[in-house]
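Heads up, the thing below is written out as structure tokens.
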Amino acid sequence: MRLQIIDAASSEFDRNDTAKEILEKYDHEVDGPLKTHAAIKNYQALLSIDTDRKPVVDRLLIDAMAVGHDHDARRAAAFAGLVVYGATEQFSILEWGKKPLDISLGQYSNEPPALIRLVAEHWDELEKSFGEQLLSRLGHFTDESRFWELIAPYVSVNDVLRQRFLDYCSHTTECLRVPVLQALAKEVSRSDLLLQHCLTGTRIRRNSADHSWHRMQSYFEASYILRQQFSENGDVLAQLQSTVCESGFQLGVAALAIYDPGNPSLDKVVSAVSNDDHDYESFVGPILVAVQRLQGVKLEKLVRAMINRPSHSLWDFQDRVNYAIKSRIGTDDEFAGLIGARLASSSSESEISSYSRYLASAGRLNEETHGHCLRLLNARSSSLCIPAHGYDSTADVVRPVVHSLLDVLAGPIY
């Protein structure tokens, strides 16, 4: 809501005193990314009405060296204002502790997207101001890969930055993280460079470094890119099969299932997944195989077991599970019907939350199912008791079932 207020105020800045006051007081905002977003809108609006630049820039240079518990956010907002005003060269000479002052991009792991995009848009100007020091002064990154992960979604907005991005991808030997892989797939689709990095991404080994959460996300993303942009490539198929066979079907199964679902090498895996024993430590691998190979009835049983599992963690890769299930629901009328039928007969709070959200997000919420969800909501709407909770697989959180149903009913009927 506060983000919407900020955006509305920016469009009314020159003709509404309240809107002007909201943006001018951006520093009162306690949320770091929102503070920076409001600062950008404020200084863009000020610049458009030709206010005196010097007092504004002088104040920003002071704020760029702010101290205190929220100094990262205040410094990030100030730097954003300096970028808008084209005053980064004046920032470049600032020092802190007898060293060049770092450019704050906000709190680590909570960097403001608005500032990252602003940096991308003005990359050529920043290079002129900071020269070869630019990357070393940006943020508090321990390695260059973290910076490219942040800015990758915006590399297309600036030609100079795009070339720097491609240069980085050309010389790095590391496994690229998901945003970087996605940006590379967009910028140089079906290229040898993209193919090389996707093959690196799917080359899983037994050592622990190859099984970090980010590494596994890159593994899944690279597999989908290979399927979309390099289908029926003999070299790709050979590497994926080699990984599976050499590891005794312990590694690479999901990648092969994504790339070549009908591959005979997977027959034994499919047979194991189709059994009724669904006591898996992790469901992501079995679901990715099952979505491609199992018939609707057996797949629905597996999905049901996944939804009703007793524990949840980041390592479930629920986003990958959801993508696969929703893709099958969207393309398979029979499976969508089975999900709807189970929703109509189930008393499980987790199944009600998850199945209804799956149908809605896959564009399969018909009038009959919509009416059933409305009846379920009415039956659970009471202020006199603690609301029933269930696992909502789309949100990947245990929440009140009525919240999930409200999300479903707020969307369209298909």
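For the reader, a short list of remarks on this structure follows.
- Residue tally, condition outside any helix (DSSP H, G or I), loosely packed, with under 12 Cβ neighbours inside 10 Å and more than 31 Å from the chain's Cα centre (by Cα), over the range 15-31: 1
- Positions within the range 78-99 being at pLDDT 95 or above, out of contact with any Leu (no Cβ under 8 Å at 6 or more places or on another chain) and either under 25 Å from residue 30 (Cα atoms) or of a type outside the set (Gly, Ala, Ser) (or both), in sequence order: 89, 93
- Across the range 370-388, the qualifying residues are those that are more than 11 Å from residue 352 (Cα to Cα) and part of a helix (DSSP H, G or I), and the one among them that is modelled with the lowest pLDDT is 380.
- Number of the exception - residue 187 against (1) within 19 Å of the chain's Cα centre (by Cα); (2) of a type outside the set (S, T, N, Q); (3) closer than 25 Å to residue 91 by Cβ; (4) surrounded by fewer than 19 Cβ atoms within 10 Å (Cβ to Cβ): (3)
- Conditions (1) over 24 Å from residue 341 (Cα atoms); (2) among the β-branched types (Val, Ile, Thr); (3) over 28 Å from the mean Cα position of the chain (by Cα); number of the one not met by residue 253: (3)
- Of 391, 358, all but one fail to be of a type in the set (Ser, Thr, Tyr), out of contact with any Asp or Glu (no Cβ under 9 Å at 6 or more places or on another chain) and not in a loop (DSSP other than H, G, I, E, B); the exception is 358.
- Scanning the range 282-337 for residues that are farther than 20 Å from residue 364 by Cα and of a type in the set (Ser, Thr, Tyr) gives 282, 311, 313.
- The range 362-383 residues that are among the hydroxyl-bearing types (Ser, Thr, Tyr), paired with ones that are surrounded by 11 or more Cβ atoms within 10 Å (Cβ to Cβ) and in a helix (DSSP H, G or I) (beta carbon under 9 Å, 6 or more apart): 369/340; 369/343; 369/344; 369/356; 369/359; 369/360; 369/408; 381/402
- Any hit, the range 235-256, residues being assigned to a helix (DSSP H, G or I), under 20 Å from residue 332 (Cα atoms) and of a type outside the set (A, V, I, L, M, F, W, C): no
- The residue list 60, 46, 105 contains one member that is in the same structural domain as residue 14 (by TED's automatic domain parsing), closer than 26 Å to residue 11 by Cα and touching a strand residue (DSSP E or B) at 6+ places or on another chain (Cβ under 9 Å), which is 105.
- Among the candidates 74, 59, the residue that is basic (Lys, Arg), in contact with a Ser or Thr (Cβ under 9 Å, 6 or more places away or on another chain) and assigned to a helix (DSSP H, G or I) is uniquely 74.
- Residue satisfying all of: in the range 200-225; within 13 Å of residue 254 (Cα to Cα) and among the hydrophobic types (A, V, I, L, M, F, W, C); surrounded by the most Cβ atoms within 10 Å (Cβ to Cβ) among these: 222
- Test: residue in the range 105-127 that is farther than 23 Å from residue 157 by Cα and in contact (Cβ under 8 Å) with a residue 24 or more places away in the chain: yes
- Taking the range 266-317 as the range and being in a loop (DSSP other than H, G, I, E, B) and in contact with a Pro (Cβ under 8 Å, 6 or more places away or on another chain) as the test, the residues that pass are 278, 280.
- Residue 89 without any contact (Cβ under 8 Å) to a residue 12 or more places away in the chain and not in a loop (DSSP other than H, G, I, E, B): no
The values are calculated or read from the model by the stated rules, or taken from the named source; none is laboratory data. Just so it is clear, the model here is predicted, and its values are computed rather than measured. Please note: Cβ atoms are built from the backbone with ideal geometry, for glycine as well, and neighbour counts cover all protein chains shown.
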